[in-house]
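Colleague: Can you keep this structure in mind? I'll have questions shortly.
The values are calculated or read from the model by the stated rules, or taken from the named source; none is laboratory data. None of the values given here were measured: they were computed from a predicted structure. Glycine also receives a Cβ, built like all others from the backbone with ideal geometry; neighbour counts cover every protein chain displayed.
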Amino acid sequence: MFSRRTFSFALLSCMLLSVGGGALAEQASTFNYDAQTLTMLYEASIRKDGKDSYVEKRIIDERAKVRALADLEVKTLVEPAEKDTQATETAAPTKAVDRQRTIVQLLEDQLSDRKADLELLKEEEQQYYIRSSTLDEGADDLKLTKTYPELLAKKAVLEERIDALEAGLVLQKDRLSKLNRTQWLDQFTTLIGFFSYLLIILGAVFLERMLRRRVARRFEEKGRRYIVAKFVSAGIYSIAALWILSKILSDHPDALASLAIVGAGIAIALQDVVKDFMGWIIILQRRLYKLGNRVSIGQYTGDVVDIGPLRTTMLEISVGNTFNAHERTGKILYLPNSLVLKESVLNYNTTSDFMSVEVQVTITYASNWHKAEQILRDVLLKQTKEFAELARTQQRRRTALFYTMWEVGEPEIHVDLASSGVLFTLKFIVPIGKRRSVVTALSREILEQFNADREVELAYNTIQIVGGKEVS
């Protein structure tokens with residue numbers, strides 16, 4: 001009958017054989033060693049009680065052969081994955097680290113299996129060959145070895161294989177540590193590169209603002225100052241962009257394809273920005289308007305003070321009041337350039353820098369309308385004739401490439417009959433933005449001329465009371 005200790009050992013043996021034995025069977029194909037010679041040597045050593053130096057030397061030599069095979073086994077186990085790691089560690093440090101971790105884990109698993117097998121043999125040695133002088137009945141069926149020399153030979157083989165695995169594991173762990181440091185340095189270098197790009201951008205912004213202030217102080221003429229400031233800004237930002245792009249391509253030679261993909265994604269995500277930029281190109285290429293022009297884009301009207309790649313800046317003009325005076329409101333409009341792609345654009349300065357204005361004057365029917373007409377004509381020509389000549393010259397020059405049958409004429413006076421008197425409509429040309437001042441000067445002189453002549457009287461609505469009733 002089995003003792004309780006024997007039964008426990010048998011159960012443990014079966015469990016370890018199911019795990020470790022499978023590993024041994026798996027390694028049999030890569031580790032081929034016939035332990036018969038080593039078994040015979042240990043048998044001779046036991047018979048001579050370990051006092052034969054020749055046998056001991058043979059055992060050492062035989063274990064050296066086992067170690068050589070074990071080293072070859074570790075090399076065969078590691079080499080394919082290691083080559084794969086070396087091929088990718090320069091291009092993809094993260095993948096190299098992951099592969100090296102797999103190698104280390106593989107060696108640790110193999111080492112764990114070998115140690116489990118060795119512990120099983122040690123347990124068998126203590127149970128059957130050292131502590132007990134006699135074996136229990138049926139114990140041969142539970143043993144992994146038939147004789148003690150065979151057990152010693154298998155132990156020696158496992159010890160050499162364990163030593164080889166431990167040595168290989170130390171090297172692979174050291175390699176993993178180096179790869180981790182390389183990966184950390186690579187990430188740190190990437191972070192430094194990101195901050196260097198950020199510093200380039202911030203430096204460009206600071207330099208651009210500083211130079212624009214100096215330009216503003218150096219140039220008094222607004223047009224030249226604006227052009228130089230724009231040239232400075234465009235030059236600085238272009239140099240910064242080219243610097244960053246060249247740095248990215250030098251640090252990451254394969255980044256061009258990635259940049260193309262990222263650029264396509266950005267173009268899709270920032271469709272409005274792309275439309276604004278395309279609108280800017282159309283504004284410049286088609287010359288829809290330029291600095292200083294008064295334009296209406298959709299429902300917005302203003303004087304253009306800046307044309308940027310994304311926005312057009314205008315000083316707002318009020319055109320919805322009673323007198324349609326086209327006066328500035330003091331507000332600034334920032335309009336996206338994409339509006340020119342979908343809204344109508346009205347440029348008041350396309351043909352000339354002048355606009356047509358009408359002023360109405362009504363005199364009574366009792367007045368000398370012939371004399372009033374002559375007075376109005378003299379005053380109108382005196383105040384506005386020069387504007388008509390300048391507008392005509394500009395129109396001929398600016399519409400040379402257009403087919404147009406209209407031409408700026410001389411100031412005109414039209415006569416109508418109104419319910420309250422004779423209605424004169426004065427039609428003339430004034431510079432854009434000076435309607436108020438020109439009309440004011442014209443009205444003052446008309447009033448002075450009419451007041452000096454008693455044959456002309458301005459008409460106005462009157463009320464007469466006849467028999468207690470109001471009559472207009």
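Colleague: Taking the criterion of being surrounded by fewer than 17 Cβ atoms within 10 Å (Cβ to Cβ), basic (Lys, Arg) and more than 30 Å from residue 304 (Cα to Cα), would at least one residue in segment 435-445 satisfy it?
Modeller: yes
Colleague: With out of contact with any strand residue (DSSP E or B) (no Cβ under 7 Å at 6 or more places or on another chain) and over 19 Å from residue 459 (Cα atoms) as the only criterion, which of 444, 435, 398 stands out? Can you show your working first?
Modeller: Working: 444 fails: over 19 Å from residue 459 (Cα atoms); 435 fails: out of contact with any strand residue (DSSP E or B) (no Cβ under 7 Å at 6 or more places or on another chain).
After applying the criteria, what remains is 398.
Colleague: Kindly indicate whether residue 61 is surrounded by fewer than 19 Cβ atoms within 10 Å (Cβ to Cβ) and at pLDDT below 90.
Modeller: Details: surrounded by fewer than 19 Cβ atoms within 10 Å (Cβ to Cβ): yes; at pLDDT below 90: no.
So residue 61 fails the test.
Colleague: If we only count strands (runs of 3 or more DSSP E) wholly inside segment 292-364, which ones have 2 or more residues that are assigned by TED's automatic domain parsing to the domain that holds residue 409 and within 30 Å of residue 379 (Cβ to Cβ)?
Modeller: Numbers: elements: 294-297, 300-307, 311-318, 327-336, 345-347, 354-363.
Passing ranges, in order: 354-363.
Colleague: Checking the conditions here, which among 217, 181 is more than 30 Å from residue 99 (Cβ to Cβ), loosely packed, with under 14 Cβ neighbours inside 10 Å and either at pLDDT 75 or above or not aromatic (Phe, Trp, Tyr) (or both)? If you could, list the steps in order and put the result at the bottom.
Modeller: On the way: 181 fails: more than 30 Å from residue 99 (Cβ to Cβ).
Answer to the check: 217.
Colleague: Can you name every residue in segment 341-377 that is within 20 Å of residue 448 (Cα to Cα) and either free of Cβ contacts under 8 Å to residues at least 40 places away in the same chain or of a type in the set (Val, Ile, Thr) (or both)?
Modeller: 359, 361, 362, 363, 364, 370, 374, 375, 377
Residue-wise test of (1) touching a helix residue (DSSP H, G or I) at 6+ places or on another chain (Cβ under 8 Å); (2) modelled with pLDDT of 85 or more; (3) aromatic (Phe, Trp, Tyr); (4) not in a loop (DSSP other than H, G, I, E, B).
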{"residue": "388", "(1), (2), (3), (4)": "no, yes, no, yes"}
{"residue": "400", "(1), (2), (3), (4)": "no, no, no, no"}
{"residue": "405", "(1), (2), (3), (4)": "no, no, no, no"}
{"residue": "417", "(1), (2), (3), (4)": "no, yes, no, yes"}
{"residue": "429", "(1), (2), (3), (4)": "yes, yes, no, yes"}
{"residue": "433", "(1), (2), (3), (4)": "no, no, no, no"}
{"residue": "438", "(1), (2), (3), (4)": "yes, yes, no, yes"}
